[in-house]
Structures are given as structure tokens and as C-alpha cells.
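Here the structure comes first, spelled out in C-alpha cells, and everything after it is commentary.
The values are calculated or read from the model by the stated rules, or taken from the named source; none is laboratory data. Since the structure is predicted, the reported quantities are computational estimates derived from the model, not experimental observations. Here the Cβ positions follow ideal geometry from the backbone for every residue, glycine too, while neighbour counts run over all protein chains shown. Ligands, DNA and RNA are excluded from the accessible area calculation, which covers all protein heavy atoms including side chains. Shrake-Rupley method; radii C 1.70, N 1.55, O 1.52, S 1.80 Å.
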Amino acid sequence: MIPHNFSSLIQLYENMDRSYDRVADRYNFHCDGCSDNCCTSLFFHHTFIEKAYLIQGFLQMTSTLRKEIQDKAADYVRQTFAHDKAGQPLKLMCPLNHKGRCTLYIYRPMICRLHGLPHELHPPGRRVIRGPGCDAGQFATRDYIPFDRTPFYTQMAALEQQFKKQQNRTGRIRETIAQMLLDPGN
């Protein structure tokens, strides 16, 4: 059972998924795994609420599966940051990925949901930021179909502030999924 305090986050995720799917359908783009797999991208996540929701899903797994995933997460962190310090990029599979699929797909964070499509952000008082989309979609050769992520980021920021207030949290978070899984209580 999903606690009530995540209902707004779940609704936001559903809105993201619907918007993403509409634009992806217009591009006739459907992610099916590729050599440019976003699950091998080094993403940092910045919200306590998304970490808490991901961990809620993680804790519903069997202890055996959790242990297996945490072992993969520890290896991911060790290898990724050792290579990063040496200035060598390394693309490792997310520890939640099993046989090409995310084991916590319905709990996945915003960046995992929105990755892939060309998009735009409208930060207040700054120029519009545009993202090209992933290589697999070959979007550079296609007309841009508007996909504005700004409303999702704005809503997520509001949910994060509310969550932090309810949880008496301060500060910021900047963690990979692997780091989140290794420190689920923080």
C-alpha cells in the first residue's frame, strides 16, 4: 500500500509519463534499450522525496533481492567514482537494471522518466535551455516537437519543499541511485 504522503508525487509522475508518451508517440520513438542506454548514464538525483519513494519500493523487495542490488550498488559506486577521479568516463549499468529492465520501474525518479526526448526548460530570468534528446532517436534530423519540462520541475520543487518541511530536512541531496540504495535511511 502506498502511503498518502506520496499521492502528489505519484500524480506528478503519471502526468510526466502521459506527456512523455504523447511526444514520444509523435516522434514514433519508443525506448527499447540501445547502446546509448540511459541506464548506463551517470545521473545525480536531487530530491529527498524521490529518494524516499524509491526506497519505499526497494524495501518491498525480498531481503535476498535487496542484498543482491546493494552489492551491485556498492560495486557501481566504487568503480564509478574511482574512474571519475582519474578523469576516465565509465558507463556502468544501474544496479536496479536486471535483464534490461528496471526492477523498480514504477518508483523510478523524474530524470529516468523524462530522459531521451528533446526538451526545453524555461528557468526564470534566464535563457531557455534546450536538450537534444538521446542519440537513439536521431532527433537532430527531425523537426522539434515541443516538450517543456519546466512545469514538472516546478511542481517537483514544490513537492520537495513540502516534503522537507514535513520531514524536518534541510540541505540538499546529490546522489546516484546506487548511492541512495546504499544509504536508504538518510
Yes/no for D84 being surrounded by fewer than 13 Cβ atoms within 10 Å (Cβ to Cβ), over 16 Å from the mean Cα position of the chain (by Cα) and modelled with pLDDT under 90: yes
Can you name the residue in the range 122-131 that is over 19 Å from C39 (Cβ atoms) and not charged (D, E, K, R) and is also least open to solvent (accessible area, probe 1.4 Å) among such residues? P123
Members of the range 132-183 that are part of a loop (DSSP other than H, G, I, E, B), open to solvent by less than 80 Å² (accessible area, probe 1.4 Å) and modelled with pLDDT under 95: G133, C134, R169, G171, I173, T176, D183
Scope the range 21-64; condition open to solvent by 60 Å² or more (accessible area, probe 1.4 Å) and not in a loop (DSSP other than H, G, I, E, B); matching residues: D21, R22, D25, R26, L59, S63, T64
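For every residue, the table says whether it meets (1) of a type outside the set (A, V, I, L, M, F, W, C); (2) closer than 26 Å to Q179 by Cα.
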site	(1), (2)
Y107	yes, yes
H119	yes, no
R130	yes, no
P146	yes, no
P151	yes, no
A157	no, yes
Out of all the residues in the range 96-110, is one or more polar (S, T, N, Q), loosely packed, with under 13 Cβ neighbours inside 10 Å and out of contact with any Pro (no Cβ under 8 Å at 6 or more places or on another chain)? no
What do you reckon, is G116 in a loop (DSSP other than H, G, I, E, B), more than 24 Å from R66 (Cα to Cα) and without any contact (Cβ under 8 Å) to a residue 40 or more places away in the chain? no
